[in-house]
Amino acid sequence: MDLAIKLIVFLPLLAAAIAGLFCRVIGARPAQIVTCAALLIAAALSVFVFVKIGFGPEKLIVVKLFSWIDSGTLDIAWSLRVDTLTAVMLIVVTGVSSMVHIYSIGYMEEDPSIPRFMAYLSLFTFFMLMLVTADNLVQLFFGWEGVGLASYLLIGFWYDKPSANAAAMKAFIVNRVGDFGFALGIFAVWMLSGSVSFNEVFAKAPDMAAAHFVFLGKNVPALETACLLLFVGAMGKSAQLGLHTWLPDAMEGPTPVSALIHAATMVTAGVFMVCRLSPLFELAPTASQVVTLVGAATAFFAATIGLTQYDIKRVVAYSTCSQLGYMFFAAGVGAYSAAMFHLMTHAFFKALLFLGSGSVIHCLHHEQDMRKMGGVKEKAPQTFILMWIGTLALAGIGVPFIMGHGLGFAGFYSKDAILEASFAAHSTVGTIAYWLGVIAAFMTAFYSGRVMFMTFYGKYRGDHHTWDHAHESPLVMLIPLYVLGAGALLSGIVAYGWFVGEGWEHFWGVSIAVKATETILHHMHEVATWVKLAPLVAAVSGLALSYYYYIVSPDMPARTVRAFKPLHTFFYNKWYFDELYDAVFVQPAQMIGRFFWKKGDGATIDGLGPDGVSARAVDLAGVLSRFQSGYLYHYAFVMLIGVAGLVTYFMLFVR
């Protein structure tokens, strides 16, 4: 088992090193083979570990590699921690990443930098695996920052595009804001517990909950503050409201990057972190309420923007932002297992939608504007069917009350579990989250149907030359779609009992907060029937309305935009968050920077320092150079002036 865990984590790193360092020697095809093979082996081993940990007697394995930091009382070992929470993430990360690697063989076939791209993908996967197998907060922070670095490299992969460079910088900088809060949270936990090891921190959590500190004359609960700071880090990495602005711009990277970042890895890191630290959040009710409200607001906010976007990848990106909100408010009300359930199912159907969108873009020769699409099902029938599977899974479509918990697509089980749990919390924030979640479910179904109807139905609205050369994606791109489609179909019904059903306690062990999970799951299964049905009704209504808008009455979208022009403009411009941040942060920072550059550095430091001294030397040299005229009488005159000066000096001062 120890060897399997080590191979899962380090095979992607080895593959990244081979593809990145020896690309000129081995070439593109071997680089693809090495990286894909490494990820497929890691995925197969992850299934083995998942079965052993999730259904076996041993619920926690810690593989110590070496002592990392030993300074005074701080002793940090580099260890790989694998419990059920980690095992679920291993399945998700390696499963989706391996499919993205294979898909990239076809999607990036014409790119001149294939080995570099494959190396970046594998490096990204390694850092994510380091994050989910961390046994302490510092090791978690290492993987956290590594994922940020790799995402910067992937988003800006096409570095000759200014927009890609700007998007990579934006993602990096916005995440640094969240990471600063995360680092402060780690410092706070260290100060409270004297340790960064998860086992020791969790053991001291009750004592930490009783601790307070004085700030601005007020007594502040220490654990609440630490959890809020840790959540700020999660907000940045998982693109929650306020620190979400980097997510849609990350679409500048190649489509496989979008699937990897936005489906299973980077954006889910924040959800994983909150669930990993659930024993702390369980004892910090105020911080949990903040998590619930921010998650619910994000789910609603991102869904409104998804209604108005025309770039097919941006619609799916805002959908990711919205679905992450669901996961957070589930964790906020204590339904950590439901949050992880939706994380797992979402990884399958969202990766399917991203890669399906990439298949459409590949079919139409890099066209991403849905206004220039239409009728694509004629050219790409397999992509069309698979995209419908992902869409129905995202919308949460199913048939309730049959086969126990109903029969439907993956999102039908996980999203409904979250909404039922939020209502079952019987709290104000839980009720708010439930209703915002139901409204967001309606909007999600509407914009998901909008993508399908605008892209695959009707007549083609783009360039006819592009249409003539449009074609279905190659098999190497379709195979990952079929695998992910199977996940979008079956993961919900298969895993329901393990995650939130009767077998949850044996499955999860002690990897999440047991008391909070037991309470919320008990209440979740006892909610009224209308609570269970409302999300499904909202989803079906949203899909039906989108069908009416884009198929039955195609003039309705334009009429609606005209009728609600200010609201449409507000949503289309993403609630003007970018403009607000530009006015509040970017422009003042540029003004301050320019002032210090021009007045401070240029005028003061350089003006009085090196530049000033050199300028005065030049001036003096210019004056003295005038005496070097080349005329004899000028030199004789200077000599007479010198003699007169010497005589005057001796007459006046020498006795």
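Looking only at region 402-427, filter to residues that are in contact with a strand residue (DSSP E or B) (Cβ under 8 Å, 6 or more places away or on another chain) and small (Gly, Ala, Ser); which one of those is farthest from Gly497 (Cα to Cα)? Among them, the one singled out is Gly408. Contact map, region 417-430: residues that are more than 25 Å from Ala495 (Cα to Cα) paired with residues that are among the aliphatic types (A, V, I, L, M) and surrounded by fewer than 24 Cβ atoms within 10 Å (Cβ to Cβ), Cβ distance under 7 Å, separation 6+ or inter-chain. Pairs shown: Val429/Leu293. Test Phe202 against the stated conditions and say whether it is over 21 Å from Met130 (Cα atoms) and open to solvent by 10 Å² or more (accessible area, probe 1.4 Å). So Phe202 fails the test.
For region 505-519, which positions are part of a helix (DSSP H, G or I) and either in contact with a strand residue (DSSP E or B) (Cβ under 6 Å, 6 or more places away or on another chain) or modelled with pLDDT under 90 (or both)? Full working, then the answer.
Initial filter on region 505-519 (part of a helix (DSSP H, G or I)): 505-508, 514-519.
Selection gives Glu505, His506, Val514, Lys515, Ala516, Thr517, Glu518, Thr519.
Within region 146-178, the set of residues being in contact (Cβ under 8 Å) with a residue 24 or more places away in the chain and within 12 Å of the chain's Cα centre (by Cα) comprises Val147, Gly148, Ala150, Ser151, Ile155, Ala171, Phe172, Val174, Asn175, Gly178. Can you say whether Pro248 is under 15 Å from the mean Cα position of the chain (by Cα), touching a residue at least 24 places away in the same chain (Cβ under 8 Å) and in a helix (DSSP H, G or I), as far as the supplied structure shows? The answer is yes for Pro248. Remark: Leu490 matches the filter, which requires a residue to be open to solvent by 40 Å² or more (accessible area, probe 1.4 Å) and touching a residue at least 24 places away in the same chain (Cβ under 8 Å). When Met118 is tested against (1) open to solvent by less than 10 Å² (accessible area, probe 1.4 Å); (2) under 19 Å from the mean Cα position of the chain (by Cα); (3) within 26 Å of Leu343 (Cα to Cα), just one condition goes unmet, and that condition is (2). Annotation: of all residues in region 449-504 being assigned to a helix (DSSP H, G or I) and in contact with an Asp or Glu (Cβ under 8 Å, 6 or more places away or on another chain), the one that is modelled with the highest pLDDT is Leu478.
Tyr103 fulfils the conditions (1) more than 27 Å from the chain's Cα centre (by Cα); (2) in a helix (DSSP H, G or I) except for a single criterion, (1). For His366, are the conditions met, namely being open to solvent by 10 Å² or more (accessible area, probe 1.4 Å) and free of Cβ contacts under 8 Å to residues at least 24 places away in the same chain? Answer is yes for this residue. Does Trp530 satisfy being buried (at least 16 other Cβ atoms within 10 Å of the Cβ) and modelled with pLDDT of 90 or more? Answer is no for this residue.
The values are calculated or read from the model by the stated rules, or taken from the named source; none is laboratory data. Remember, predicted model here, so these are calculated numbers, not experimental data. Neighbour counts run over all protein chains shown; Cβ positions are idealised from the backbone, glycine included. These accessible areas exclude ligands, DNA and RNA; they are computed on the full protein's heavy atoms, side chains included. Shrake-Rupley method; radii C 1.70, N 1.55, O 1.52, S 1.80 Å.
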